[in-house]
1. Could you list, in sequence order, all residues of the stretch 1-35 that are modelled with pLDDT under 95 and among the basic types (Lys, Arg)?
2. Are any residues in the stretch 24-40 under 10 Å from the mean Cα position of the chain (by Cα) and assigned to a strand (DSSP E or B), and if so, which ones?
3. Give 29, 54 a once-over and let me know the one that is more than 20 Å from residue 120 (Cα to Cα), surrounded by 13 or more Cβ atoms within 10 Å (Cβ to Cβ) and without any contact (Cβ under 8 Å) to a residue 24 or more places away in the chain.
4. From the list 43, 85, exactly one residue is in a helix (DSSP H, G or I), under 25 Å from residue 123 (Cβ atoms), touching a residue at least 60 places away in the same chain (Cβ under 8 Å) and hydroxyl-bearing (Ser, Thr, Tyr). Which is it?
5. Within the stretch 64-79, is there a residue that is part of a helix (DSSP H, G or I) and modelled with pLDDT of 95 or more?
6. Please tell me if residue 59 is without any contact (Cβ under 8 Å) to a residue 24 or more places away in the chain, more than 20 Å from residue 123 (Cα to Cα) and either in a strand (DSSP E or B) or under 12 Å from the mean Cα position of the chain (by Cα) (or both).
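The values are calculated or read from the model by the stated rules, or taken from the named source; none is laboratory data. Being a predicted model, the structure only gives us computed values, none of them experimental. When we count neighbours, we look across all protein chains shown, and the Cβ atoms used for this are built from the backbone with ideal geometry, even at glycine.
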Amino acid sequence: MKTLLILRGLPRSGKSTLAKHLMLHSVNAREVSLDLFIEQHGYFEDKMKEWAQACKDQCELYMQNEVELIIQHGVNAQGWSYTPYLDMAKEHGYTAFVLIVENFHGGTNNSIPVHKFNKMQDVFKIHI
């Protein structure tokens, strides 16, 4: 079954760790994440929109190539940030799941400034 797994959570909650674990145990899986751009280049506010679009384009390409499991992980604090991925999944016949990841492993260090983290925490929404 072609599956899109969207991992939501605040920075340092374990989304990337879970994605890497799932990738190790999957034969035909790919990951899409703004974090991968940040890890490569550092945090640059003026690049976020460009990199977010690159992630969507990459996900679309994976769907066109019928990758069995696509793991999109990022803060995804509000519905508008992951809705385009859900729309793509529907268009390409993927079953989509949205999972919230919470920090039970102690977290990791990343380069997101504290003021940005606090803003993300303030707007993080749970959709039931």
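1. Result: 8, 12, 15, 20.
2. Correct list: 31, 32.
3. On the way: 29 fails: without any contact (Cβ under 8 Å) to a residue 24 or more places away in the chain.
Sole residue among the options that is more than 20 Å from residue 120 (Cα to Cα), surrounded by 13 or more Cβ atoms within 10 Å (Cβ to Cβ) and without any contact (Cβ under 8 Å) to a residue 24 or more places away in the chain: 54.
4. On the way: 43 fails: in a helix (DSSP H, G or I).
Going through 43, 85 in turn, just one is in a helix (DSSP H, G or I), under 25 Å from residue 123 (Cβ atoms), touching a residue at least 60 places away in the same chain (Cβ under 8 Å) and hydroxyl-bearing (Ser, Thr, Tyr): 85.
5. Initial filter on the stretch 64-79 (part of a helix (DSSP H, G or I)): 64, 79.
From what's left, modelled with pLDDT of 95 or more: 64.
Yes - at least one qualifying residue is present in the stretch 64-79.
6. Details: without any contact (Cβ under 8 Å) to a residue 24 or more places away in the chain: no; more than 20 Å from residue 123 (Cα to Cα): yes; either in a strand (DSSP E or B) or under 12 Å from the mean Cα position of the chain (by Cα) (or both): yes.
Considered against the rule, which asks whether it is without any contact (Cβ under 8 Å) to a residue 24 or more places away in the chain, more than 20 Å from residue 123 (Cα to Cα) and either in a strand (DSSP E or B) or under 12 Å from the mean Cα position of the chain (by Cα) (or both), residue 59 comes out as no.
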